[in-house]
Structure formats: C-alpha cells, structure tokens
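Data block below; observations after.
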Amino acid sequence: MPYLLEMKNITKAFGVVKAVDNVSLSVNAGEVMSLCGENGSGKSTLMKVLCGIYPYGSYEGEIWFAGEQLQAGHIRDTERKGIAIIHQELALVKHLTILENIFLGAEISRHGMLDYDSMTLRCQKLLAQVNLNISPDTRVGDLGLGQQQLVEIAKALNKQVRLLILDEPTASLTERETEVLLTIIRDLQAHGIACIYISHKLNEVKAISDSICVIRDGQPIGTRNAEQMSEDDIITMMVGRELTALYPSE
Ligand code: ADP
Ligand code: MG
C-alpha cells in the first residue's frame, strides 16, 4: 500500500533561520503519528507547510498526498484534498452557533435558499460522531474548550477529512476532556482517518501513537514504532544525548 502522506526533504527557512531542515516523514491511512520535539523545534512550521499556509515554492522538498503531488497555494487547496489542521488557538467564531461554524463557507442550499433542515440533520450526525450531545444551535462561545475542540473535529469531518492534524490539542484541556479527545481519535482511526498528533505530554503520545517522529532544532532525529519507545527514549531523542553526559548515571 502506498503511503497516504509523504513529505520528502522539507526545508523551510525564515530569513537565515532554518525552522525546518531537511525533514521527511510518511503516514499511512488510519495511522496515528505523533510529532515530538521541544518548543521551537519546528513542529508547527512543518505542519503549516503541509497545510498550504506557506505557499508552494516558499519551501524546499516535495509533498505527496493520496498519490498526487501537493502543490498547494492556499489552505483551501489542502482542505479540499482531505487535510485538516486544528491549531492550538482554535479558529471558531465565538458568537456564531455550532451549525453556523461548521457550515461557514460550506452552506447547504436548496432552490437558492439556505437549507437549515438539511444542515441541522447533518450537523446532528457530525456531533454524534464526536460524541457531543448538544444542540447545533448552541453558541460556540458558550462551550468549554474541550467541546470547542470537538466542534473543530466535526467541522473537519464535514469536509471529508483523511488526515487530521492536531497541534497541541490538549494544552488547555482537563484530564476528562483529554480522554474524550483520545477516544475520538481512536474512533476516527478505526474509520481509516490518519492523524498527526503534536503534544508535549508523553503519556498521551505513548497512549495514542502508532509511530513517533522526533525533530530537534528543525532537524530529523528519527521515526520509530511507538511500541519500541519508552517516554525516556522520546525525551532523549528530543533533547539529545548531552543530558546523559551532564548527569551520568554512575
Ligand atoms: P514548535 O511548533 O516546534 O514549537 P515552530 O515551528 O513554531 O516550533 O518554530 C520553529 C522555529 O521557527 C522557531 O525558532 C520560531 O521562532 C521560528 N519561526 C516560526 N514561525 C516563524 C515566522 N513566521 N517568522 C520567523 N520565524 C519563525
Ligand atoms: Mg508549535
């Protein structure tokens, strides 16, 4: 089976700073890959390259998705292909309802009129998929952060997502909300949806990942099967071996 996603030798510089330096990674359909690295190591930049936030040509390397080379000039191009990113700072419009947020720019109409009945039905189905039992007419500003995260996922599902990128999704979630999120990711995985999961919380990373890709100072350190890595192994790869030299075990 060919990979769902292949990023080959991606380099992205801001001026003289190489935020991402020759990184390659690949993800299968339905695979959950965690992307680990210290603050400033280039994780978000790499994902923004993938999502078309930096236009094609402003980085080096190749991206292949579902058998086609991705030459996105805009985030809408990658969305259409089935790639969705959820940023840490959520992008929902707080004063609009869940339904309005989910269908923003993707409204269903009939005979030139907005078809609220169809949108409500579809919205209820999407909310059920992410285990949210609330009315589509609830204002997003009235939801907790965990619930808003789930609305973002529902919105991605409405766009036929095949790869969902979560950039530090649990940074401000409670333990309970985190558990709910991890359960949803497993459920999506069972439906063949792949996920790239960015987190500092190594217990979550261990719990959710099939594979773990580590970068340090923008450079690729390695990708391993999650089962083969302990939390200590991940930390060592993230910060380098210097720590062991500083604090020898004997
Ligand atoms: P991470 O998500 O792993 O914390 P980032 O990808 O946000 O890291 O940042 C990687 C490096 O690139 C950092 O040194 C950061 O300061 C730099 N960087 C990110 N975005 C920009 C930008 N728009 N302009 C200049 N430098 C940037
Ligand atoms: Mg980041």
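The values are calculated or read from the model by the stated rules, or taken from the named source; none is laboratory data. Quick caveat, the model's predicted, so the values are computed rather than measured. Counting neighbours? That spans all protein chains shown, and the Cβs are built from the backbone with ideal geometry, glycine included.
From the list Leu126, Leu166, which one is out of contact with any Pro (no Cβ under 7 Å at 6 or more places or on another chain) and either within 16 Å of ligand 1 (Cβ to nearest atom) or not in a helix (DSSP H, G or I) (or both)?
Leu166
Please give the number of the condition Asp187 fails out of (1) closer than 30 Å to Thr11 by Cβ; (2) away from ligand 1 (no atom under 16 Å from the Cβ); (3) acidic (Asp, Glu).
Among (1) closer than 30 Å to Thr11 by Cβ; (2) away from ligand 1 (no atom under 16 Å from the Cβ); (3) acidic (Asp, Glu), Asp187 violates only (1).
Which of the residues belonging to the range 87-119 are of a type in the set (S, T, N, Q) and more than 23 Å from Asp187 (Cβ to Cβ)? First the steps, then the outcome.
Within the range 87-119, the subset of a type in the set (S, T, N, Q) is 88, 97, 101, 109, 118.
Of everything in the range 87-119, those that are of a type in the set (S, T, N, Q) and more than 23 Å from Asp187 (Cβ to Cβ) turn out to be Thr97, Ser109, Ser118.
Tell me yes or no: at least one residue of the range 170-178 is out of contact with any strand residue (DSSP E or B) (no Cβ under 7 Å at 6 or more places or on another chain) and either of a type in the set (A, V, I, L, M, F, W, C) or at positive phi (or both). Spell out how you get there, then give the answer.
Residues of the range 170-178 that are out of contact with any strand residue (DSSP E or B) (no Cβ under 7 Å at 6 or more places or on another chain), as a first pass: 170-178.
Still in the list and also either of a type in the set (A, V, I, L, M, F, W, C) or at positive phi (or both): 171, 173.
Yes, the conditions are met somewhere in the range 170-178.
crowded, with 17+ Cβ neighbours inside 10 Å and modelled with pLDDT under 95: which single residue out of Val130, Val140 fits that description? So that I can check it myself, show each step before the final result.
Working: Val140 fails: modelled with pLDDT under 95.
Being crowded, with 17+ Cβ neighbours inside 10 Å and modelled with pLDDT under 95 holds for just one of Val130, Val140, which is Val130.
Which pairs do you get when a residue that is among the aromatic types (Phe, Trp, Tyr), found in the range 186-210, comes within reach of a residue that is within 16 Å of ligand 1 (Cβ to nearest atom), reach meaning Cβ atoms under 8 angstrom, with the pair 6+ apart or on two chains?
Going by the 8 Å Cβ cut-off, the qualifying pairs are Tyr197/Met33; Tyr197/Ser34; Tyr197/Leu35; Tyr197/Leu166; Tyr197/Pro169; Tyr197/Val205.
Here is a list: Gly57, Gly82, Gly61. Which entry is more than 16 Å from ligand 2 (Cβ to nearest atom), out of contact with any Ser or Thr (no Cβ under 9 Å at 6 or more places or on another chain), closer than 21 Å to Val23 by Cα and not hydroxyl-bearing (Ser, Thr, Tyr)?
Gly57
Checking Phe103 against (1) surrounded by 19 or more Cβ atoms within 10 Å (Cβ to Cβ); (2) under 30 Å from Lys201 (Cβ atoms), only one condition comes out false. Which one?
Evaluating Phe103 over (1) surrounded by 19 or more Cβ atoms within 10 Å (Cβ to Cβ); (2) under 30 Å from Lys201 (Cβ atoms) leaves (2) as the failure.
Residues Glu68, Glu89, Glu79: which one is surrounded by 15 or more Cβ atoms within 10 Å (Cβ to Cβ), more than 17 Å from Lys12 (Cβ to Cβ) and of a type in the set (D, E, K, R)?
After applying the criteria, what remains is Glu79.
Looking at Lys43, is it among the charged types (D, E, K, R), in contact (Cβ under 8 Å) with a residue 60 or more places away in the chain and crowded, with 17+ Cβ neighbours inside 10 Å?
yes
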